[in-house]
1. If you check B:32, B:71, which single one turns out to be assigned by TED's automatic domain parsing to the domain that holds residue B:110, crowded, with 20+ Cβ neighbours inside 10 Å and under 19 Å from residue B:141 (Cα atoms)?
2. Assess whether residue B:187 counts as being surrounded by fewer than 20 Cβ atoms within 10 Å (Cβ to Cβ), more than 21 Å from the chain's Cα centre (by Cα) and on the phi > 0 side of the Ramachandran plot.
3. Mind checking which residues of segment B:38-67 are part of a loop (DSSP other than H, G, I, E, B), without any contact (Cβ under 8 Å) to a residue 12 or more places away in the chain and of a type in the set (Asp, Glu)?
4. State which residue pairs qualify: first residue closer than 17 Å to residue B:169 by Cα and inside segment B:70-87, second residue crowded, with 18+ Cβ neighbours inside 10 Å and of a type in the set (Asp, Glu) in any location, beta carbons under 8 Å apart, and separation of 6 or more residues or different chains.
5. Within segment B:236-244, is even one residue over 25 Å from the mean Cα position of the chain (by Cα), in a loop (DSSP other than H, G, I, E, B), modelled with pLDDT under 95 and away from chain A (no Cβ under 14 Å)?
6. When you scan segment A:390-444, how many residues do you find that are modelled with pLDDT of 90 or more, part of a loop (DSSP other than H, G, I, E, B) and of a type in the set (D, E, K, R)?
7. Sort through A:320, A:391, A:307 and tell me the only one that's out of contact with any Pro (no Cβ under 6 Å at 6 or more places or on another chain), aromatic (Phe, Trp, Tyr) and within 30 Å of residue B:300 (Cβ to Cβ).
8. Which one of these is under 22 Å from residue B:388 (Cα atoms) and under 26 Å from the mean Cα position of the chain (by Cα): B:369, B:288, B:355?
Amino acid sequence: MELLEQCKEWNDNEEYKKVVDALEILPENARTPEMDSELARAYNNLGEPGDYKMFGQALRLLLPYEEYFRGNHRYYFRVAYSYFYLDEHGLALHYFKQALDARPGDEDTIDMMNECVNRLTDGVVEVSMSQKLDFFWEDTQEEIRKYDKNSKDYHEKVADITADGIRDIFQKINVNILSDGRILELEAGDDKSNVFMLEYIKDTVPDTLRKLFDIKVGISPKENIKDIMIYEDEEYDISELRFFVSDDRQIIIYADEFDIPLEVIEQLFIDIFGEIDLMANDFEFDIADEDDFNAPTEDTCKIVLDYNEKEDFLKECVDYNGLRDRAKSKGFRLGTSAKEYLKMYSGYQLQSIEEDIREDIYIGTTCLPSLISEYISSGPFDIMPIMDELYRNGVMAGFFCFSIEGGELTNSSLEYEFEIMNIRNQLMEYILNELDKLGKTKDIAFLEGATGKICGYLDFLIFGSFMDIMNAACEFFEEKNIKLAGYKTFRKISKLVTFKEE
Amino acid sequence: MFNLFKKKQNEVELPKVAPMELWEERSYMHVLSDSVDTEDITDAKERIKAIDEVNLIEFNQKDDKSGNIILEYKGEEYGIGFYFGDFVFDSLYSLQKQKIHDEDFKKIEKKTKSFIIYMKFNKNYFDSYHLQLKLITAFFPDTLAVIDESAEKLLSGRWVKLAADSRVAPSADSIFTVQAVYDDKTKKVWFHTHGICRTGFSEFELLDISQDNANDLYYLINTVANRVLYQNEAIDDYMFLGEFVDGNMIVATTLPWNEAVCKYPKDILGGAADRECSHNTNSRVIFLYLTEDDANNKRYTKPSEVEERLINNPLYYYSNEQTENMKFMARDRFGLLKEAVSNNHDYTALIKIGLPTTDEEGNIDYENLEHIWFELKEFNEDGFRAVLTQNPYRVPSMKEGDEGEYTICDVTDWIVYTDDMRIEPNTAYLL
């Protein structure tokens with residue numbers, strides 16, 4: 001019998017260890033995708049719930065072959081199974097759905113999907129971010145006590161231990177150690193949801209550690225930027241670049257011949273402005289080169305088209321040293337702190353209104369637009385990177401929803417909207433009061449809310465104290481003249497968990 | 001790295017590209033037959049078991065006669081779902097239709113019930129499609145017609161049976177359709193495909209094409225779709241499709257529809273306004289790169305800007321995979337040609353034959369054949385006798401009018417001309 005067939009048989013007979021022994025000794029490049037898939041199946045079956053190692057190993061073997069095994073039920077089921085026991089229920093559901101598509105009606109798959117939906121509906125994360133950090137800070141303080149406070153490299157050691165610990169728990173967070181260990185700079189990454197998490201980490205630092213280092217959220221602007229930037233071992237001279245800043249917050253980056261990778265430009269902007277200011281201002285960028293003046297095309301930006309001569313355009317430009325001041329003079333809001341940035345919100349309006357929870361919204365405001373965008377554009381089984389990352393880190397993203405007695409979108413809509421806002425504000429206040437009694441007000445971040453045809457909404461991120469928050473909300477609604485109240489996570493597939501329904 | 005150029009942090013972005021519909025993502029087919037009317041699927045399980053290379057693992061059926069099947073076909077596992085549903089004749093209105101025999105069409109008009117069979121294609125989508133047709137004929141040997149919902153196409157039951165019984169998987173253009181939407185005011189056409197999403201690739205489109213040139217530009221979109229499917233490779237950067245008459249290469253690239261429409265006037269046919277309820281999922285619009293510099297700098301040329309060049313005898317290449325498929329199908333169905341021509345003396349036939357070529361140094365090349373049309377004269381014991389219809393380019397020993405004897409092993413394609421039709425191997429069910 002060939003090795004692959006033998007492994008299948010061992011797996012079928014639940015002799016998983018034999019599969020591992022037979023396949024692990026082969027060098028990786030000697031194993032076929034089918035063998036890796038059988039080995040992953042064995043790991044999946046050897047793993048115990050809570051033991052992430054085996055499931056992680058299985059996943060690492062499987063993920064490179066998604067295209068190779070396209071449409072293969074067993075492959076999707078194995079991937080989903082690994083994700084499920086890694087407590088990645090959103091991703092597990094996505095792959096179980098693929099498995100079901102490949103084998104319609106499969107009862108095992110349907111059962112697993114239901115289990116995923118139940119867990120995503122509850123929204124109760126296995127270990128909340130608050131619990132993760134409690135354990136982490138406690139361990140860190142314990143670890144730090146081992147070191148001599150008077151030693152020369154004490155601060156650096158403390159910073160190293162803390163930074164490594166943060167990287168261990170939150171794998172996507174990059175930590176930079178600055179000022180000989182006196183400052184830990186947490187990179188904001190590519191989404192505002194990270195800034196919420198980073199601010200929460202900062203808020204939970206115990207006083208004993210706070211005395212030793214300061215945490216900064218987002219990469220800070222640099223003071224001495226050099227003309228030469230290095231990217232992938234290549235040097236790029238940025239002194240030739242010119243920047244045009246328009247009155248309507250657009251920046252045109254000009255070079256006679258544009259051969260600098262966008263990654264270098266990105267790094268330059270981070271160095272000039274810092275991550276938080278870049279996020280807060282949402283600059284609009286465009287790129288121009290000599291050809292845009294000599295032979296403009298439809299891709300040439302409008303501002304450049306307004307200039308007949310390149311020289312006239314360049315007169316209005318600055319080099320990178322002058323860009324920050326020029327941006328400031330054009331009204332960009334610079335020097336925003338991460339905390340201030342988190343409070344900034346924007347409005348949105350929706351057109352296709354339906355009579356369903358969250359689908360009835362016609363107007364809303366939010367401090368986390370990417371979360372709302374992801375929710376609006378996602379299907380029930382889609383991968384949701386922002387939600388998945390929050391869930392992975394122990395943060396629940398969702399919304400309270402309530403339908404007021406006698407209230408609906410009629411001709412007295414202003415009154416209706418005012419009442420919704422009023423309840424939202426009261427609910428926030430009530431929950432914060434309850435959390436204040438526990439000293440846990442930081443465990444929830446309110447993200448603004450929305451008004452729908454049938455319901456009002458208050459959006460939130462919960463970092464900890466989940467039951468306390470939900471109990472408080474339940475108590476609040478019980479005393480109100482409300483027809484329907486509950487909460488739902490920001491996933492189309494999750495169901496409304498009701499506090500009250502008349 | 002910070003997502004500086006890609007994402008707005010402070011605005012709610014409303015979706016432009018909608019998630020794919022089930023019938024786009026999976027392959028949905030609706031079967032019409034007399035046995036469907038009586039929901040009779042007795043013996044279907046046995047017939048499925050009897051399909052060549054099928055290993056039936058599970059056949060589950062519920063009381064309402066819906067169910068699922070798990071089987072292996074050519075070593076790959078497939079899951080298939082099925083159920084009975086209503087059929088409304090008017091739903092055929094917007095479909096592209098294969099030629100349906102009159103007597104069949106009269107029966108179709110009376111049907112009120114259909115059998116829906118759906119499955120997800122895997123990376124071997126030609127086999128997946130072929131399997132679906134085989135299953136249909138196994139469920140209902142009396143299949144009258146099949147609505148391929150994913151491709152928005154009505155298939156003749158006779159074609160389905162021919163394709164299912166064939167040893168060769170159906171050609172790529174069976175998997176998709178190219179639809180043309182006309183605007184009589186602007187005299188413009190919007191071409192778009194249906195049926196490709198189920199293979200894992202995107203649909204394709206051409207925008208803003210003049211009605212006068214639509215027939216020629218059809219070959220551009222058809223070639224792109226065929227090439228992607230036969231080569232099993234998406235157009236990541238660009239794809240060489242062929243040559244303009246001046247010898248310059250025809251190089252295609254694509255953009256997602258939501259980016260592409262921004263390059264056209266707002267009120268164009270196929271613009272954002274036409275996509276509020278449909279054509280807003282996984283579809284890419286075809287553009288051209290006219291020079292290498294254009295390709296390096298991502299300078300897109302709309303096909304409508306070079307229509308004159310695209311209608312002036314462009315040469316589109318066939319991929320080797322396409323040529324092979326045509327060849328095997330022509331040989332597989334050669335018996336039908338022989339029978340039809342032998343029984344109808346007024347039918348004429350052309351047969352394409354692959355001839356070994358001669359290189360500049362006089363060496364015979366048996367690998368790179370020149371495919372040339374011959375007119376069939378008669379069949380004989382070992383094969384057939386035929387006359388060359390044109391002068392070959394790279395076979396100096398032969399000229400127009402030369403007559404010779406050939407066998408089925410030389411055949412790479414054929415056409416039969418009846419009184420009112422031109423029939424090729426793929427449409428041999430009409431013979």
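1. Every option except B:32 fails the conditions.
2. Judged against the criteria, residue B:187 is a match.
3. Scanning segment B:38-67 gives B:40, B:43, B:52, B:63.
4. Filtered contacts from segment B:70-87: B:73/B:127; B:74/B:127; B:76/B:127.
5. Restricting attention to segment B:236-244, the residues satisfying the condition of being over 25 Å from the mean Cα position of the chain (by Cα) are none.
Within segment B:236-244, none of the residues are over 25 Å from the mean Cα position of the chain (by Cα), in a loop (DSSP other than H, G, I, E, B), modelled with pLDDT under 95 and away from chain A (no Cβ under 14 Å).
6. Within segment A:390-444, residues that are modelled with pLDDT of 90 or more, part of a loop (DSSP other than H, G, I, E, B) and of a type in the set (D, E, K, R) number 1.
7. Among A:320, A:391, A:307, only A:307 is out of contact with any Pro (no Cβ under 6 Å at 6 or more places or on another chain), aromatic (Phe, Trp, Tyr) and within 30 Å of residue B:300 (Cβ to Cβ).
8. Values: B:288 fails: under 22 Å from residue B:388 (Cα atoms); B:355 fails: under 26 Å from the mean Cα position of the chain (by Cα).
Criteria check complete, one pass: B:369.
The values are calculated or read from the model by the stated rules, or taken from the named source; none is laboratory data. Being a predicted model, the structure only gives us computed values, none of them experimental. Because the Cβ atoms are built from the backbone with ideal geometry, glycine has one as well, and the counts that use them run over all protein chains shown.
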